[in-house]
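The values are calculated or read from the model by the stated rules, or taken from the named source; none is laboratory data. Note that the coordinates shown come from a computational prediction; the quantities given were computed from them, not determined experimentally. Positions of Cβ are backbone-derived with ideal geometry, glycine not excepted, and every protein chain shown enters the neighbour counts. These area figures cover heavy atoms from the full protein model, side chains too; ligands, DNA and RNA do not enter into them. Shrake-Rupley method; radii C 1.70, N 1.55, O 1.52, S 1.80 Å.
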Amino acid sequence: MFGHEFKSIIELMAYFDTEEKCITYLEELRWMNGVVSPYDPTSKVYKGKNHLYYCKNTNRSFNVRTGTLFGSSNVKLRKWFVAIWLVTSHKKGISSYQLARDLGVTQKTAWFMLQRIRNCYGMENEGELNGEVEVDETYVGGKNKNRHAGKKVRNSQGRSVKDKAPVLGMVERNGKLVAKTVQDTSARVITPEIVKRVKDAILYTDEWLGYNTVDKMYEHFIVKHKNGEYVNGKAYTNTIEGFWSLLKRGIFGIYHFTSKKHLQRYVDEFVFRYNLREMSDGNRFNLFLCKSEYRITYKELVHGQAA
């Protein structure tokens, strides 16, 4: 694996004892094949002083933070690196309040850092699935029985999306997982999502009507949950249901609440951990730094904050 394989957060903090070391390390990982201009990847690049670089074609200067989640942030890379380690190594996630205490920043700053980090998690929530693939849907949101009388939502039980957000999950057995928020779980909506992700595969689902149309496209086996059936030979959805349990325990146990607007980023976070579950914390940290070229502004995030 590339970079230094850190064994613990103590080792990480001891290694990055200056901002200079952080900058140099990030340059080595991000530009291991040569410095590339974020303004024009085809341009020749000139190196200046103090880690500044110049794009010949656009005549603009940049540094290693430009175009990444670290761009336009006043937070030092040392704190960013600690935040990334904490977030990527915590199996159930970490709240903005806890991160603020750990880093010595405001909750508002910690929330923004977390959302930028989550914005990079989407890199692991893509790609094709093959082999034996389980497909299932779940709903994320509060339960009426836990709400005050004046805040209960009428007719919101079952598969209603009035107060809950549906998420479609697809997982290779012993492989990768993809999970996406969807408008609803009708065949019209979920069939294109399945076709987009699942290629040469045998499908396993429950008996929900939304999966009826995939019979014409895949070898498809069904487990009938309504009949009390959870395993029928090779037909079961236990793998994806196990992931749903992890997702919901994390959201409700650590974050307590997330808006529909930001739900996909939280889903991306748990997919990232699931898909890289066999990777060491140190290698996961290095991989994240290599894939840090995803940036979102505070203005894009401020509507509908979540913990």
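In Å², what does the accessible area per residue of region 66-116 work out to with a 1.4 Å probe? Each step should come with its number before you reach the end.
Working: 2080 Å² over 51 residues.
That works out to 41 Å² for each residue.
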For the chain, size of Cβ-based charge dipole, Lys and Arg +1, Asp and Glu -1, in debye: 1380
Cross-link pairs 76/108; 91/199; 44/291; 76/261; 164/226; 21/291 - those with Cα-Cα distance over 26 Å: 91/199; 76/261
Solvent-accessible surface ranking, highest first, for 139, 236, 15 at 1.4 angstrom: 15, 236, 139
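May I ask you to derive the FRET efficiency for residue 207 and residue 279 from their Cβ-Cβ distance with R0 = 41 Å, giving the value to the nearest 0.05? Don't skip to the answer; put the middle values down first.
Values: r = 36 Å, r/R0 = 0.87.
Plugging the Cβ-Cβ distance into 1/(1 + (r/R0)^6) gives 0.70.
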Rg(Cα) / (2.2 N^0.38 Å) computed for the chain, rounded to two decimals: 1.12
Sequence-distant residues sharing a close amide H with residue 198 (under 5 Å, placed H): 129
Approximate spin-label separation residue 91-residue 229, in nm, with each point projected 7 Å along Cα-to-Cβ: 3.3
Extension gain (nm, one decimal) between residue 20 and residue 195, 0.36 nm per residue minus Cα-Cα: 58.3 nm
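Could you work out what % of the accessible surface of the chain is carbon and sulfur, using a 1.4 angstrom probe and leaving DNA, RNA and ligands out of the count?
Working: 7960 of 15620 Å².
Carbon-and-sulfur percentage of accessible area, whole number: 51.
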HN-Hα J in Hz across region 234-249 - Karplus 6.51, -1.76, 1.60, θ = phi - 60°, x for Gly and Pro: 8, 7, 6, 10, 5, 5, 5, 5, x, 5, 4, 4, 4, 4, 6, 5
Rh by Kirkwood over Cα pairs, then Stokes-Einstein D for region 1-123 at 1.567 mPa s and 4 °C, µm²/s: 82
Amide H contacts under 5 Å for residue 294, placed H, 5+ residues apart: 69
Residue (of 43, 23, 85) at the positive-pole extreme of region 1-94, dipole from beta-carbon charges: 43
Leading residue at positive end of dipole, the chain (Cβ point charges), from 259, 129, 271: 259
³J(HN,Hα) computed for each position of region 261-272 - Karplus, 6.51 cos²θ - 1.76 cosθ + 1.60, integer Hz, glycine/proline x: 4, 9, 4, 4, 5, 5, 4, 4, 4, 6, 5, 4
